[in-house]
């Protein structure tokens, strides 16, 4: 298991994913950062800043929790799915998010 430390709207988030999927999530977040400024709507979704990736994590603060990767990607998909973008081809970003989401859902079913 790998852990990603994200800073999202001044909140730290820890996301846990199997090692083989972590690269995909980091690449997806980089792509979203690159493309979000191309959206023409005023209310763009907030994107996290990737602070660190690690193989071991022990959270000692009761205010922090570790999110499952599928939970995080589902939240990300919902934020982008509700956008009312008319000019930018938002479907390509949603396709990438949903592809990772489907892989994580399949992984959960296999476990």
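Nearest 10 degrees is fine. How inclined is helix 90-110 to the longest principal axis of the chain, computing both from alpha carbons?
With both axes taken from Cα atoms, the answer is about 30 degrees.
Quick check: Cα centre of region 1-55 to Cα centre of region 83-98, how many Å?
Each part's Cα centre sits 17 Å from the other's.
Kindly provide the helix-only [θ] at 222 nm of the chain, computed as the sum of -39,500 (n - 2.57) over DSSP H runs of four or more divided by all residues, to the nearest 500 deg cm²/dmol?
When only DSSP H runs of four or more count, the value is -16000 deg cm²/dmol.
Ranked by Cβ crowding within 10 angstrom, fewest neighbours first, how are 106, 14 ordered?
Placing the least packed residue first, the sequence is 106, 14.
Name the residue, out of 56, 101, 24, whose mean-square fluctuation peaks in a Gaussian network model built on the chain with Cα pairs under 10 Å.
Most flexible of the set in this elastic network: 56.
Among 44, 65, rank each residue by its count of other Cβ atoms within 10 Å, from fewest to most, as a rough exposure measure.
65, 44
What ranking do 88, 3, 72 get, fewest neighbouring Cβ atoms within 10 angstrom at the top?
Working: 88 16, 3 19, 72 22.
So the ranking, lowest neighbour count to highest, is 88, 3, 72.
Between residue 87 and residue 5, 0.36 nm times their residue separation minus their Cα-Cα distance comes to what?
Gain in length upon complete extension: 26.3 nm.
Any read-out appearing in this document is the output of simple, stated calculations on the displayed coordinates, not a laboratory observation. Just so we're clear, the structure is a prediction, and the values are computed from it rather than from any experiment. Positions of Cβ are backbone-derived with ideal geometry, glycine not excepted, and every protein chain shown enters the neighbour counts.
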